[in-house]
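Below is one structure; the comments refer to it alone.
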């Protein structure tokens, strides 16, 4: 489970701040997403964290309130969330509820691991609890599944039959962990993850050694604790990438079918890092869900700082505890904003099935109020929302509004057709295609993905 990052292996590089491109300026687009400027380990250096944090605060200070879409509310929802469902899950549902309220989350679509005879529908939470809507579901066989009633007797069915069982009576099913199944067919699925937090963690091989170094010296432990106190969101987001493999599959598959893109928090509260004393010269490092025998033993001949950490302590004492992923922080890291008429399970299901949703890394800036619409006529009358189909017409335009100025990338069938810095996009549409929009923000001189909108599907006029 230890997969997170630290700054112990490298010293901070000099701060190079590129600044924001002037508002409303068009950027020459080569069709490629911006490349990361820093590695996750480099982002974890205190100077990098501070710079990113200050830029995020500056961006948040420019935020404007956008009028809501008539008849719809912007609900912050969490999909792919675990509590009390496996040996590698450290959090509880009561903890999740408290942290959801803290993070301003409106709905959590649970994804319990399938553990018969426990029924993930009838033995879970369902409905409103203290203002938060819970929808039961499961992560099973490579999918996020949200049937409306128990399907325990169908869970071993062949995949096509399982999909049908899930979708009966308004159930939802999304393809999960695309990095493990890039060629999986999308037939009869409602959508797919377009960002998965755990996929970023798995890609970061460099950080295990760096973190181990930082956790075995009292001075660097203090540095990490201070960074976590000052920059908690920036630390968790250090691994965040633009998951091009996920998005390429989404773009390719959406050419032939409507597919809702959702975020996967994949949160378990299982990254509480613990350093425990074995004896004066040895410590063990692991997480809150690692059995003692699976934790890594480090000796003082390799890391002399261990002796200072163990001095005055007894075997079994916890010498350091670093909580990297409380639920509220995971929820702020990424969420799926659902545009629905009311906070009820049927309304949230309808909105997700219709693609009336967008994905956002909320820790950078609250995206609430973002909208992406097709408009027609001289007055720009709304014609369709993100997720909808619309026929191509001479007066058709796609309009996006963001609460802060950002780098806006408009893509058609996966190819960038406009790239500009602004808080508004207004683009005339002349041909059919699958059109989606992204928003990027600059932190510490590095462009980071912020918003991914579900597409508007422009079809040939009949």
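Taking all pairs of distinct Cα atoms, average 1/r, flip it, and tell me the Kirkwood hydrodynamic radius of the stretch 272-323 in Å to one decimal place. Radius from the Kirkwood sum: 10.8 Å. Here the contact order of the stretch 83-176, divided by its residue count and restricted to Cα pairs under 8 Å and six or more residues apart, works out to 22 percent.
Explain nothing, just the number: relative contact order of the stretch 272-323, from Cα pairs under 8 Å at least 6 residues apart, as a whole percent. Normalised by residue count, the contact order of the stretch 272-323 is 47 percent.
Fewest first, what order do 250, 363, 125 take by the number of other Cβ atoms within 10 Å?
125, 363, 250
Placing pseudo-labels 7 Å out from each Cα toward the beta carbon at residue 205 and residue 188 gives an inter-label distance of 3.8 nm.
Sequence gap at least 6, Cα distance under 8 Å: using those rules, report the relative contact order of the chain to the nearest whole percent.
Once normalised by length, the contact order is 20 percent.
Note on residue 256 and residue 130: their simple-model spin labels are 4.7 nm apart, each label 7 Å out from Cα toward Cβ.
Each 10 Å bin from zero holds the following percent of Cα-Cα pairs in the chain: 4, 20, 29, 25, 15, 5, 1, 0. Look at 82, 313, 383 and count the other Cβ atoms within 10 Å of each Cβ; fewest to most, that gives 313, 383, 82. From its DSSP helices (H runs of at least four residues, each -39,500 (n - 2.57)), the chain gives a residue-normalised ellipticity at 222 nm of -6500 deg cm²/dmol. Ordering 115, 76 by the number of other Cβ atoms within 10 Å of each residue's own Cβ, fewest first, gives 115, 76. From the Kirkwood radius over Cα pairs of the stretch 317-413, Stokes-Einstein at 20 °C and 1.002 mPa s returns a whole-number translational diffusion coefficient of 132 µm²/s.
What does the highest-first list of 128-139, 264-275, 221-232 look like by mean Cβ count within 10 Å?
Answer by packing, highest mean first, reads 264-275, 128-139, 221-232.
Placing a pseudo-label 7 Å from each Cα along the Cα-to-Cβ vector at residue 296 and residue 98 gives an inter-label distance of 3.1 nm. Pairing the Cα long axis of helix 46-61 with the longest principal axis of the chain, what angle in degrees results, from 0 to 90 and rounded to the nearest 10? It is inclined by approximately 30 degrees. With viscosity 1.002 mPa s and temperature 20 °C, the Kirkwood radius over alpha carbon pairs of the stretch 410-462 converts through Stokes-Einstein to a diffusion coefficient of 172 µm²/s.
Global size of the stretch 164-228: 19.7, 57 Å for Rg and Dmax (C-alpha atoms, Rg to one decimal, Dmax whole). Computed from the Cβ-Cβ distance with R0 of 51 Å, the FRET efficiency linking residue 219 to residue 399 stands at 0.45.
With Cα atoms as the point set, the stretch 360-441 shows a radius of gyration and Dmax of 12.6, 39 Å.
Using every pair of separate Cα atoms, the Kirkwood estimate puts the hydrodynamic radius of the stretch 18-177 at 19.5 angstrom. With R₀ set to 35 Å, the beta-carbon distance separating residue 35 from residue 460 gives a calculated FRET efficiency near 0.45.
Here, each number is a calculation from the coordinates, and none is a lab measurement. Everything quoted here is computed from the prediction, not taken from an experiment. A quick note on method: Cβ atoms are made from the backbone with ideal geometry, for glycine too, and the neighbour counts reach across all protein chains shown.
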